[in-house]
Amino acid sequence: MMNDHKGKILVVDDDRNILQVIQMRLESGGYQVTKTTSAELALKLAEQEPFDLAMIDLKLDDQDGIQLMQNIRHIIPDLPVIILTAHGSINSAVDAMKKGAYSYLTKPFDGHELLMQINNCLETSKLSKEVKQLQRLVKEKYGFDNIIGRSEKMKKVFEQVTLAAATDSNVYIEGKSGTGKELIAKTLHMASDRKDHPFIALNCAAIPENLMESELFGYEKGAFTGADKSKKGLIAEASFGTFFLDEISEMPLSMQVKVLRVLEEKEFYSVGGRQVVKMNARIIAASNKNLEQEVKNGRFREDLYYRIHVIPIKLPTLNERKEDIPILARHFLKKHSEEMGKNIHAFSTDAMQKLISYPWPGNIRELENTIECAMAMAKGNIITEDLILQTQNVHPESLKSFKDAKENFEKNYLIQLFELTKGNVSQAAQLAGKYRADVYELIKKYNIKLADFREK
């Protein structure tokens, strides 16, 4: 909303001459002024208009100025107040500041001082409101309210996050892609004592191996070709806050050694640096793989695993918490309805049933994408089954990975071979054009029991 003034100011003083002088000065400075000599009337005015600032005389005929300030704030919370006082009442004015006044002006005051105080007060108030708004938005985005779910599995996750937030121990989050690992990490950060400090995230799968060290630890000017200035690393950026290592299973073994040392020693050197940098960030790591299995396969260091695996949190897949799908679906419907400016308010019974019955290999991310896409194509105010079917056909999350598809084919192909050959490995190998040893490896891999195919 556009205003033709810099702010609305309420001035309360029992001296009409003072009121007149203040009004003239403030209006010449571009402010809108409402003045009164009565504390009672000031309260009524506060109920009628959303003032940006109040100037209140410390000694009014019908009420104490501090009491009036407190009464007005019951009507307009956080209203900035400047106390007007005489020379002999400075101690009382200081007391008023202790009780919430922004500052005080001693009468008589010149016009320049008056406008300067007003400008500073309104600017400080504006910044304070912006900070509170930002804090509210952060809380909404990363607070527990944004982790949606009533299932028993999610209740357990809530409990684990609450317990972990009360400690400073390293946390490991395991969950398939799309289950909300980063959201859980951010929520944990915001619920901890580190919430006023940075949350820094690094996706280990997205950083080339040759750049990972300089990203993590930073570098000094001249450390390598192209390093024309020093750069702080992400670990240092996260000082006193939280450092989130997403997809840590993709971190090269050579970097795992260096990260382990940092976690053990709580210090490191930047690339090309000679000065020790202290590490005081909390570590939260996450992966969509089973790290225990990665350790067994030699792809992840066992000592690093135990360093990060102090408090484990395992996130269920969406298929494991189907009772949460209606809640999540309605949440995404409301979210994207507002963003798109559409009045779509419900799912048809068939559409919701389709959402519940679908396996969601892409988890929550796929669910949200499906609903967003369906809403974009919707012509009415209800999401129907046909819209859900269309979107599921086009979403890449619905496709299996190449590895999964290959393994699924191999297993089904072997089963068909053994059904045909009644469990005869030699015949199966001949038909498949493979060595018997290879077939035996596949039997072991897929835990196929040949006895199931042989005639009793």
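A short reminder: the numbers here are calculations on the coordinates, not readings from a lab. Worth saying up front: this structure is predicted, and the values here are computed from it rather than measured. Note that each Cβ is placed from the backbone with ideal geometry, even for glycine, and that neighbours are counted across all protein chains shown.
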Cross-link reach from Lys449 to aspartates and glutamates, straight Cα distance under 20 Å and at least 8 residues apart if same chain, gives Glu407, Glu410, Glu419, Asp438, Glu441
Can you give the FRET efficiency for Leu431 and Glu130, using 1/(1 + (r/R0)^6), R0 = 60 Å, r = Cβ-Cβ distance, to the nearest 0.05?
-> 0.25
Cβ-derived FRET efficiency at R0 41 Å, Gln275 paired with His112, nearest 0.05 = 0.25
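Tell me the relative contact order for region 8-137 as a rounded percent, counting alpha carbon contacts under 8 Å between residues six or more apart.
Working: 174 pairs, mean separation 27.0, N = 130.
The normalised contact order for region 8-137 reaches 21 percent.
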Which value in Å is the Kirkwood Rh of the chain over different Cα pairs?
-> 28.3 Å
When you count, for each residue, the other Cβ atoms within 10 Å and take the mean per peptide, how do 293-299, 61-67 rank with the highest first?
-> 61-67, 293-299
Can you list the lysines whose alpha carbon sits under 25 Å from that of Lys44, skipping same-chain ones fewer than 8 residues off?
-> Lys6, Lys8, Lys35, Lys59, Lys99, Lys126, Lys129
Near the amide H of Leu84, under 5 Å away, which other amide H atoms are found, from residues 5 or more places off or on another chain, if H is placed in the peptide plane?
-> Ile56, Asp57, Leu58, Leu105
Quick one: go through region 246-260 and flag any residue whose amide nitrogen is under 17 Å from the point 7 Å out along the Cα-to-Cβ line of Asn210.
-> 252, 254-255
Antiparallel as a % of all DSSP beta bridges within region 144-314, to the nearest 5?
-> 20 percent
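Which entries in the list Lys231/Lys335; Lys289/Lys422; Lys231/Lys258 go over 29 Å, if you measure between the two C-alpha atoms of each?
Result: Lys231/Lys335; Lys289/Lys422 exceed 29 Å.
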